[in-house]
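Attaching a single structure in structure tokens format; questions to follow.
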Amino acid sequence: MKINIVSRCWCCDRKEEETMTHLFLTALIAYKLWRLIHSVSRKPFSMEEIREIMKKIRAKITHIFREGNSLADSLANIVIESQAEHQYSCFQELPLKERRILNADKAQIPTLRIITHAIIPP
């Protein structure tokens, strides 16, 4: 039996369901990404053209919960919160929190997804 668990998007204020359509088309971050691609390429891409490019380079889009890639999530949060560009060239340049995440990942310490519910007194 397969159970699909819906995740909420935390990359924008709308907190919509974290679907491929939302992440790549309707989220604010998707809008900014497509504007950037358009400004570099000087031409807009249709979804069909994007699919063709992905097929040519054998690209595959898959979903992973943020707990499955905590370092990428943490680095993305740094950029979103500061609204500035950040570049790290080596491990020592990473902020302490991100170094700890990377070390835990290298040590293969699992990251658990824990969902809590508020207990309402009777």
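Derivation of every value follows stated rules applied to the coordinates shown; laboratory data play no part. This one's a predicted model, so the numbers in the text were calculated from it and none came from an experiment. Note: ideal-geometry Cβ built from the backbone for every residue, glycine included; neighbour counts use all protein chains shown.
If you plug each phi of the range 33-40 into the Karplus form 6.51 cos²θ - 1.76 cosθ + 1.60 with θ = phi - 60°, what whole-Hz ³J(HN,Hα) values come out, in order, with x for Gly and Pro?
Along the range 33-40, the couplings run 5, 5, 4, 5, 4, 4, 5, 7 Hz.
For the pair Ala59/Asp105, report the inter-label distance in nm, with labels modelled 7 Å from Cα in the Cβ direction.
For the pair Ala59/Asp105, the computed spacing is 2.0 nm.
Quick check: pseudo-label points 7 Å beyond the Cα along Cα→Cβ at Ile115 and Thr26, how many nm apart are they?
2.0 nm
Hey, rough spin-label estimate for Glu48 and Arg35, points 7 angstrom out along Cα→Cβ, what's it come to in nanometres?
2.8 nm
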